[in-house]
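Each reported figure results from applying straightforward, stated rules to the coordinates on display, with no laboratory input. Note that this is a predicted model, so its numbers are computed, not measured. A quick note on method: Cβ atoms are made from the backbone with ideal geometry, for glycine too, and the neighbour counts reach across all protein chains shown.
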Amino acid sequence: MTTKELLLSAWDTRPLVPVMCGLALAGYLIHFRRRLVARAGFFVLATALFFVALASPIGTLARGYLFSAHMLQHLILMLAVPPLILLSLPRERDAAQPKDWGAIGYGGSWLAGVGAMWIWHARTLCNAAAVSTTVQWLQTGSLIVMGLAFWRPVLAPRISDRVPTFPGVLYLFAACVACTILGIMVTLSPVEVCSAYMHPVDALGVMPLLRDGWGLTHQADQELGGLMMWVPACLVYAAAILATLGRYYAGEHASATHAAGSAE
Amino acid sequence: MTVANPEVIVGHDAHDDEHARGAFGWVTTVDHKRIGVLYLLTSLFFFAIGGVEALLIRIQLARPNSHFLDPETFNQIFTMHGTTMIFLVVMPTLVGLANYFVPLMIGARDMAFPRLNALGYWLFPFGGLLLHFSLVTGGAPSAGWFSYAPLSETPYSSTMGTDYWVLALLVLGIGSVSGAINIIATVITLRAPGLTIRRLPLFVWMTFVTAILIILALPVLNASLVMLIIDRRLDAHFFQANGGGSAILWQHFFWTFGHPEVYIMALPAFGMISEVIPVFSRKPIFGYEFVAASTVAIAILSFGVWAHHMFAAGLGHRADLAFAIGSMAIAVPTGVKIFNWIATMWGGKIRFTTAMMFATAFLLEFVIGGLSGITFAAAPIDWQVTDTYYLVAHFHYVLFGGTAFAIFAALYYWFPKMSGRFLSESWGKAHFWLTIVGFNLTFFVQHFLGIMGMPRRVFTYPDLPGWGALNMASTVGAFIMGLSVIVFAINLVLSLRSGKVAGDNPWDAWTLEWATTSPPPHDNFERVPPVRSRRPLWDLAHPSDQNQKVDAAGRERTPPDKSVVAMWAFIVSESGFFVVLILSYVFFNISTKAAAAALDVKTTGIFTACLLASSLTLYLAEKSLEHGNAGAFRAWMILTVILGCVFMGGQANEYMKLFDRGISVNTSLFTSTFFTLTGFHGLHVTLGLVALGILCGLAFAGDFAKKKSSSALQAAGLYWHFVDVVWIVVFSIVYVRNVL
């Protein structure tokens, strides 16, 4: 099998994922039909990325073949889809009496986001997700839900629900540090994080291509996965920090009440 | 100058009248301005030492096959030159300028913690003394400024030089962290009314971001230094392969500190340039928002790209690729800043004073250093030229062409404020041109030498075609630079004695430090002018012509308590320290079961419960104080201290049992990591107990009698809870993992 054949053939042809994407899109369009503007593009992008993460060769390889594909899927579901969904929601007017989430609420959101990364890389859970479809769906669902919880204080449709600028920078930076530490551990770990990926059951017959053609030995595969969590993931947090500061200097917080309803 | 509509700053008691006390007054001073000047003068002294070392290196390298210095002396001199210039010159100069100008620029009367400030300063000459004391113990350190293991380990560096290097850097590191915590607390809690973060002068903002980098990066170095000295003195094997340790781990740790360190030295320089260029172009900075926000991006990215210092260490193609991308990414926010500065100058009424000339030269020289830096981000090029003179040329363009030029610009700009007199412009121009010619002659040719393959850190070289001539040119350049520094020193002395009197605001600048007299009085300001934009003095001078958007006055919040802010900063810093120790533990023990055989989970579990209970009792103590119940407050405090002591007793007991079985820090990698990690935790608990003990004593002396809360108690409480949280992590990783 060549790389081209793999990219053409390893798509999930079962209807479940496309149907989910279709339902989500339909739901979004119907619910927001009166307020449909350009930000719907974010939702389309989120759905498309969800589809790519689960049904494209990335999703196929993540099911027990490549740890790095699993990590890529993980990053898309956690760092791309949830923020895009939040961005696709229309701005809402601030509540008359905004709920004060306080340190505990933000701490909880932070733990959800960072915890999702750490928990699913505990050896037992990581292996289970690599081989069992049920666990994998549980993982997908939890990543998106916990991702939404994590990104809500940064991108909530209601500005009063957002964490203030500088605590927000700290929030994102701390997540970046936690992610980096896990990435370093996965990259440099002398033992395998996810043993299921060591000797996959090769139903598709792709392992010769991956191991010899792409040069991804099990060790290299894990290193690549760790590096993905370390460098690109941190770039996402850094971008979010820049956006938060950009918002601050653009004065959005100063005139929070007027910003409701206006697109970013 | 007259100040319209003044607002008086309240708070901050005046210090006692120390200015009357002559030379002794300088030793005992806690005035941020005097401490700033002390930092600058001490740095200048070490700059002279480091400069002489540089000249010795250049004399040795002036001709091929030279034997002016023997190899061992050469190693010592380049190690001392690097260490001196980074830790005893650049960092303290930046801290000194921050010390002098941050309080003035934010309209404060002093730093948040004047005595901590004095401590931070005195640790600096003490650290410098420790470093140089190695000379009389058998030789200076000679393993380079980054002391790569295993070269820095006892078998290869057997004199005490490296030990003194470690101790000196620890002392300097502690001083830097204390200074950084002080800057953070000052900027957060002591800003004048109306001076929101959005209106901060860029020098203050960048110094603030640098302080955050310092509290995050220096502990990584400190933890690694601790491990290195345990290797050297207690015979452990953290970084020695022959005992199972990992030399590459030292490189990872060192550069985790070392790369942010580059930005610790560069960001304040960016801040100075962002003050000087607008004033002498008569325009506000172009794209303030971008300059400010991208600084944060640089700070964050700087922690993610250290491995580009290790391309030649064999991390593998995948890692090289990831770090090459990260390193190129960090060049973007830095590069765009150059355009911000150029755009500020564009169309401005530029006055080429010496300060502005240095700032303009900074743009040129820093771009050269930045461009050669980008070539290093490409791993294949790095393999060719790493550890050659191309690298030496690169980082001197960054650190001298960048940081030192910015410091000179800032000194010419701010000297009138510090002394009341201008630095002489004619001596200044001579200084500038000598520096430009000398600097570029010294280092530009080194690019060619590097590409021709001349390795750095080798004491001499064979007579290959062109090498001798280029090296001689470089040496001539170095002596011209030496001359330029002498010219600068003469300028300083002459101008201090008989320079032109400057007045309050000689450059017609816009930030608050120019609103007071030159030099400022002891308490800085009689009255701080109102701050309604980024350029408060412009607004004062042009009441009807405010060219900058005056944003609506934000809600004035009461600033948080300075002790609590400082404690949080300290906790962040200490977390970095423990993360490094914990990571080493995990790295060395992830696949062994050595811990299970040596440790008793149940007994330690009981003592752990005591420690956790002490957090609860401390919380109850705070609540009792809030309710005004003095008796209960004292009782809970005593109980907290007792529980803490019980925990320490348990730790001591465990150590004694291990020692009885012949297990000590050098037995195996497990015991090295175990004793280092739990030992430093124990040290932190002990410090917490001392703090709580003092508070107990104060409580019984009736100090809390009528208070509902105390910031000292709050801060000590935060620290105590932090120590407990660290123990929860340590206990889970070291003990609980064995029984799972």
Of A:M207, A:M228, A:M20, which has the largest mean-square fluctuation in a 10 Å C-alpha GNM of chain A?
A:M20
Calculate one ³J(HN,Hα) per residue across region B:572-584 by plugging θ = phi - 60° into the Karplus curve 6.51 cos²θ - 1.76 cosθ + 1.60, and present them in order as whole Hz with x for glycine and proline.
4, 5, 5, 4, x, 4, 6, 4, 5, 5, 5, 4, 5
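Round to the nearest 0.05 the FRET efficiency obtained for A:R93 and A:W137 when R0 = 35 Å and r is the Cβ-Cβ distance. It would help to have the intermediate numbers written out before the result.
Values: r = 36 Å, r/R0 = 1.03.
Calculated transfer efficiency: 0.45.
Can you sort B:R527, A:R35 by how many other beta carbons sit within 10 Å, fewest first?
On the way: B:R527 14, A:R35 11.
The most exposed by this proxy come first: A:R35, B:R527.
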Find the centroid of the Cα atoms in region B:652-702 and in region A:21-51, then give the distance between the two in whole Å.
57 Å
Hey, quick one: spin label on B:F133, modelled 7 Å out along Cα-Cβ, who in region B:226-243 has an amide N within reach, i.e. under 11 Å?
none
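Among rounded, prolate and oblate, which fits the protein assembly as shown when a ≥ b ≥ c are the square roots of the eigenvalues of its C-alpha gyration tensor, a/c under 1.5 means rounded, and a/b larger than b/c means prolate? Could the numbers behind the result be given before it?
Numbers: a/c = 1.29, a/b = 1.21, b/c = 1.06.
The shape class here is rounded.
Checking the a/c ratio against 1.5 first, then a/b against b/c, what shape does the Cα gyration tensor give for chain B? Intermediate values should be presented prior to the final figure.
On the way: a/c = 1.89, a/b = 1.12, b/c = 1.68.
Because a/c hits 1.5 or more and a/b fails to exceed b/c, chain B counts as oblate.
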Given Cβ point charges of +1 (Lys, Arg) and -1 (Asp, Glu) and nothing else, what value in debye, to the nearest 20, does the dipole of the protein assembly as shown about its Cα centre take?
1880 debye
Inter-part gap, Cα centre of region A:171-208 to Cα centre of region B:279-332, in whole angstrom, is 26 Å
Compute a Gaussian network model of chain A, connecting alpha carbons closer than 10 Å, and tell me which residue from A:V206, A:V19, A:V52 fluctuates the most.
A:V19
Where a label projected 7 Å from the Cα of B:L119 along Cα→Cβ would reach, residues of region B:669-694 with amide N under 20 Å:
B:680-694
Measure off 7 Å from each Cα along the Cα-to-Cβ vector at B:H317 and B:L616, then give the distance between these two points in nanometres to one decimal.
5.8 nm
For helix A:40-55, what angle does its Cα long axis make with the longest principal axis of chain A, in degrees from 0 to 90 and rounded to 10?
20 degrees
A chain fully extended from B:L464 to B:A241 at 0.36 nm per residue, minus the present Cα-Cα distance, gains in nm 76.6 nm
List the residues, sorted by chain then number, that are 5 or more residues from B:R421 or on another chain and whose placed amide H is less than 5 Å from its amide H.
B:A502
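In deg cm²/dmol and to the nearest 500, what is the mean residue ellipticity at 222 nm of the protein assembly as shown if only DSSP H runs of at least 4 residues count, each as -39500 (n - 2.57), divided by the residue total?
Working: 35 runs with 660 residues, N = 1004.
Value at 222 nm, helices only: -22500 deg cm²/dmol.
Around B:A410, under 15 Å between beta carbons, what's the net of Lys plus Arg minus Asp minus Glu among the other residues?
Values: positive: B:K417; negative: B:E275, B:E513.
Local net charge: -1.
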Counting only backbone N atoms under 19 Å from a point 7 Å out along Cα-to-Cβ of B:N65, the residues of region B:442-457 in range are B:454-455
Region B:451-478 and region B:124-157 have their Cα centres apart by a whole-number Å value of 26 Å
May I have the pair-distance distribution P(r) for region B:600-643, computed from all Cα-Cα distances with 10 Å bins from 0 and rounded to whole percent?
33, 40, 19, 8, 0
In terms of the alpha carbon gyration tensor, root eigenvalues a ≥ b ≥ c, rounded if a/c is under 1.5 and otherwise prolate when a/b exceeds b/c or oblate, region A:119-249 is prolate
Expressed in nanometres to one decimal, the distance between label points 7 Å along Cα→Cβ at B:V493 and B:R457 is 3.8 nm
Subtracting the Cα-Cα distance from 0.36 nm times the residue separation, let me have the gained length for B:L687 to B:V367 in nm, one decimal.
110.5 nm
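Provide the gained length on full extension for the span B:V729 to B:D508, in nm with one decimal, where the gain is 0.36 nm per separating residue minus the Cα-Cα distance. Show your work: numbers first, answer last.
Values: separation 221, 0.36 × 221 = 79.56 nm, distance 5.53 nm.
Stretched out fully, the B:V729 to B:D508 stretch lengthens by 74.0 nm.
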Taking Cα atoms only, helix A:16-31 is inclined relative to the longest principal axis of chain A by an angle, in degrees rounded to 10, of 10 degrees
Violating pairs (Cα-Cα greater than 28 angstrom) within the set B:K349/B:K417; B:K562/B:K623; B:K349/B:K429; B:K337/B:K500; B:K33/B:K500; B:K562/B:K707:
B:K337/B:K500
Taking one equal scatterer on every alpha-carbon of region B:124-279, how large is log10 of I(q)/I(0) by Debye at q = 0.15, 0.17, 0.19 1/Å?
-0.83, -0.97, -1.11
